[in-house]
1. Given the structure, is residue 68 aliphatic (A, V, I, L, M) and assigned to a strand (DSSP E or B)?
2. Are any residues in the range 18-40 open to solvent by less than 60 Å² (accessible area, probe 1.4 Å) and small (Gly, Ala, Ser), and if so, which ones?
3. Can you give me the number of residues within the range 45-54 that are open to solvent by 40 Å² or more (accessible area, probe 1.4 Å) and either under 52 Å from the mean Cα position of the chain (by Cα) or farther than 24 Å from residue 99 by Cα (or both)?
4. When the residues of the range 94-120 are filtered to those that are open to solvent by 60 Å² or more (accessible area, probe 1.4 Å) and aliphatic (A, V, I, L, M), which remaining residue is farthest from residue 39 (Cα to Cα)?
Amino acid sequence: QDQWGEPWKIAVVYALGVNISPPQLGEILSQQKLPADWVSSISDSTGTIAARSNSADRFIGKKVNPEILHRLPTTLESAFESVTKEGVPALLVFSRSPTTHWTVAIAIPLDALQAALRRNLVLLGLGGALLFASGGWCAWRMGGQIARSVQALTDSAVAMQSGEATQMPSVGFREADEAGTAMVRTSQLLKERSQALAASHATLQEREVVLADAQRIAHLGSWYWDANTGASSASDEIGRAHV
């Protein structure tokens, strides 16, 4: 109201309008560079098609897919399987503006989706087969290395038992190589101690011969008594001296 209590009178002085033609809207759709078999469309608030990527001359001015038209009043976005206006089974996806109530819809042929799914399944199967083959090859190779390692260790153990020199070949398996190295070292130590024992035994035999000669010349004898077992033994010279 003005200062005298009279209501304000509002009059429209100017009106601003923007005109966008269907070809211009179609250009917006083409700029999205969707696959050629996909169908995209733009419809107004009443569900009337204003632009379409395929067969625009046939369907501009007509209503959108009936199932989309049925869902527009209750939801702003949805995705479902249906049939395009060309009769192609497809996955329909749409999004509606909450301000202008205009809608953008895209139809993706089910054959294209299933083909991509089948391609992914084939690739997954090939990948699984390749992975299985690689795992089998690795297991076979590792099993061969383990078998060679065990055989080499067995041969080394048999050689050690018979007193032969042990040579452990490298098998490319760290634990087996370490065990083989330890066995070779043990074999060398056993051989050295066996040789030392044999030398000591030979020396002892020589000393026994010298002692026996000395006792024979001196007419002396010796005897030995084991306190633990009670066994006793005497040299040959004691027997001759007794006679």
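1. Considered against the rule, which asks whether it is aliphatic (A, V, I, L, M) and assigned to a strand (DSSP E or B), residue 68 comes out as no.
2. Residues satisfying the conditions are 21, 26, 40.
3. Result for the range 45-54: 2.
4. Selected residue: 117.
The values are calculated or read from the model by the stated rules, or taken from the named source; none is laboratory data. The structure presented is a predicted model; accordingly, all values stated were derived computationally and were not measured. Ligands, DNA and RNA are stripped out before the accessible areas are found, and what is left, the full protein with its side chains, is counted by its heavy atoms. Shrake-Rupley method; radii C 1.70, N 1.55, O 1.52, S 1.80 Å.
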